[in-house]
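A short write-up of the structure that comes next.
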Amino acid sequence: MTQNDDEAVDVEPAQPGRKRDPSRDAKLLDATLEVLSEVGAAGLTMDIVAARAGAGKATIYRRWASKTELVIDAVAHMKRNQVDLEHLPDTGTLRGDLLGLFKPQSIEEGERRLKIMTGLASLLSQDPALAEAANAAVVQPWAEAHFALMKRAIERGEISASADIGTLSQVIPSMAAYRTLVQRKPMDLAFLVSMVDGVIMPALRSQPSEGSPSRADKSPLPRRASSVRKRSKT
């Protein structure tokens with residue numbers, strides 16, 4: 001945290017019965033992403049985010065107790081906007097569906113997202129205790145999409161009901177997170193194709209015997225971690 005972020009902030013309690021405005025949250029998270037991509041983790045402060053969003057600093061502290069928690073929720077917000085679980089690809093094959101999740105982006109947008117993920121990696125190196133929350137933000141949205149596509153492939157008889165889709169659905173999202181957070185490389189189509197054709201599809205073909213119990217429901221994705229934000233008592 002910077003010196004500004006360590007200073008005490010008088011947080012005005014919410015009025016009784018007052019509902020939180022989700023649109024305000026989105027505006028704050030979008031502002032966080034913009035600032036993070038521009039100045040990095042070291043330069044991001046609650047003051048700058050508040051100014052960018054046109055909000056008071058106390059408004060941010062009512063929702064997030066620290067800069068790291070704010071950034072993690074902002075990245076989760078970005079990832080959720082990248083994948084629509086209600087409108088997943090439906091090409092007729094699992095391979096086509098998995099590749100259909102890829103959305104081409106401009107060089108500028110790719111660099112912006114890479115800067116955001118680099119900023120998150122920097123903050124996590126200072127606070128490893130938040131790794132679980134970061135995993136939920138970065139990996140879980142895509143893992144849920146992969147799980148849904150694999151489950152649909154089971155339902156149409158394309159892959160065995162005994163396939164361990166709970167585990168396999170997390171492979172590509174986890175590798176993509178490693179690629180961006182550790183290797184500082186973008187997620188591109190060539191990488192996705194190599195993972196689908198070289199790892200996922202071969203693993204699904206090397207399935208357990210048909211007599212094994214179905215894992216479509218018995219190996220679900222881990223329960224999504226709750227938000228890391230620590231709100232003040234109201």
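If the limit is 23 Å between Cα atoms, which of 79/103; 103/185; 57/185; 79/115 go over it?
Values: 79/103 13 Å; 103/185 16 Å; 57/185 34 Å; 79/115 14 Å.
Correct reply: 57/185.
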- How far apart, in nm, are two points set 7 Å out from the Cα along the Cα-to-Cβ line at residue 90 and at residue 125? 4.5 nm
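Using only alpha carbon pairs under 8 Å that are at least six residues apart, calculate the relative contact order of the range 39-178 and give it in whole percent. Write down the numbers at each step before the final one.
Details: 97 pairs, mean separation 38.6, N = 140.
Relative contact order here is 28 percent.
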- Note on the structure: As a Kirkwood estimate from alpha-carbon pairs, the range 20-66 has a hydrodynamic radius in angstrom of 10.5 Å
- Please give the length that would be gained between residue 99 and residue 203 if that part of the chain were fully extended, namely 0.36 nm times their separation in residues minus their C-alpha to C-alpha distance (nm, one decimal). 35.8 nm
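What does the extension gain come out to for residue 81 and residue 27, with contour length at 0.36 nm per residue minus their alpha carbon separation?
On the way: separation 54, 0.36 × 54 = 19.44 nm, distance 1.34 nm.
Using 0.36 nm per residue and subtracting the Cα-Cα distance, I get 18.1 nm.
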- Where does the Debye-calculated log10 I(q)/I(0) of the range 70-205 sit at q = 0.11, 0.13, 0.18, 0.20 Å⁻¹, using only Cα point scatterers of equal weight, no solvent? -0.40, -0.56, -1.02, -1.22
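How big is the dipole moment of the range 20-66 about its Cα centre under a simple scheme where the beta carbon of each Lys and Arg is +1, that of each Asp and Glu is -1, and everything else is neutral? Debye, nearest 20, please.
Numbers: 7 positive and 6 negative charges, 51 e Å.
The dipole of the range 20-66 has a size of about 240 debye.
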- Task: Would you kindly state how much longer the chain becomes between residue 156 and residue 39 on full extension, computed as 0.36 nm times their sequence separation minus their alpha carbon distance, in nm to one decimal?
- Result: 37.3 nm
- Query: Points 7 angstrom from Cα along the Cβ direction at residue 132 and residue 167: gap in nanometres?
  - Reply: 2.2 nm
- Relative packing of 47-60, 158-171, which averages over residues the other C-beta atoms within 10 Å, highest first: 158-171, 47-60
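Using the Cα centre of the range 70-205 as the reference point, and only Cβ charges (+1 on K/R, -1 on D/E), how large is the resulting charge dipole? Debye, rounded to the nearest 20.
Values: 14 positive and 16 negative charges, 54 e Å.
The calculation lands at about 260 debye.
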- 5 angstrom amide H check on residue 65, placed H, neighbours 5+ away: 230
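None of the figures in this text is laboratory data; all of them are computed from the coordinates on show. What you see is a predicted model, and the numbers here were worked out from it, not measured in a lab. Positions of Cβ are generated from backbone atoms using ideal geometry, with glycine treated the same way; all protein chains shown enter the neighbour counts.
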